[in-house]
Amino acid sequence: LDSTYTPVIEIGAEQGNYELDCVITNNTTDEAIRVTINVLLTTLVYVDTDLRLVQYLGEDKMDALTIVGGPRKDWLHLQPGVNQLQFDDAGTNAVTLTTNWEERYYQ
């Protein structure tokens, strides 16, 4: 047996990044947005639907966002009262979503 022809197996480090491909749906209005971006594990992706911003590590990442169903005035419109938001991503084991809103009065 010639050891110079013996295969060598090397196991690399644990994966430290993730291809996020999620859809956030407002089940109340049936509107959705899709965010597709390669991220480091345990880092923040900031999506502001009012100011129309997507940021990752302090940089604008507008190319990561797709409006599901085509262009519309509001990215993710909220109805008055209770809205049910849904997060879907096949590979995510744990995620923390933080939402903020401003109460507005229309005449």
| note | In terms of the charge dipole of region 31-92, which places +1 on Lys and Arg and -1 on Asp and Glu at the beta carbon, the residue among 92, 79, 40 farthest towards the positive end is 79
| note | Residue span residue 53 to residue 85: 0.36 nm per residue of separation minus Cα-Cα distance leaves a gain in nm of 9.7 nm
| message | I'd like the GluC sites (Glu not before Pro) in region 1-36 restricted to DSSP loop residues with at most 16 other Cβ atoms within 10 Å, sorted by number. | response | 10, 14
| task | Please report, in debye to the nearest 20, how large the charge dipole of the chain is about its Cα centre when each Lys and Arg carries +1 at its beta carbon and each Asp and Glu carries -1 there. | result | 400 debye
| query | Taking Cα pairs under 8 Å and at least six residues apart, what relative contact order does region 1-90 come out at, in percent? | reply | 35 percent
| task | Hey, can you grab everything whose amide H is under 5 Å from the amide H of residue 61? Only 5+ residues off in sequence or another chain; H modelled, so Pro and N-termini drop out. | result | 54, 55, 56
| task | Give, rounded to the nearest 20 debye, the magnitude of the charge dipole that region 22-85 has about its Cα centre when Lys and Arg contribute +1 at Cβ and Asp and Glu contribute -1 at Cβ. | result | 100 debye
| note | Taking the chain, the whole-percent share of alpha-carbon pairs separated by over 23 angstrom is 40 percent
| Using +1 on the beta carbon of Lys and Arg, -1 on that of Asp and Glu, and nothing else charged, what's the dipole of region 48-101 about the Cα centre, debye to 20? | 180 debye
| message | Per residue of region 86-98, what does 6.51 cos²θ - 1.76 cosθ + 1.60 with θ = phi - 60° give for ³J(HN,Hα)? Whole Hz please, x for Gly and Pro, Karplus curve as stated. | response | 10, 10, 10, 7, 4, x, 7, 8, 8, 8, 10, 10, 10
| query | Taking R0 as 22 Å, what's the FRET efficiency between residue 45 and residue 73 from their Cβ-Cβ distance, rounded to 0.05? | reply | 0.40
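Throughout, read-outs are computed from the coordinates displayed, never taken from laboratory work. Keep in mind that what you see is a predicted model, and the values were worked out from it rather than measured. All Cβ positions, glycine included, derive from the backbone under ideal geometry; neighbour counts span all protein chains shown.
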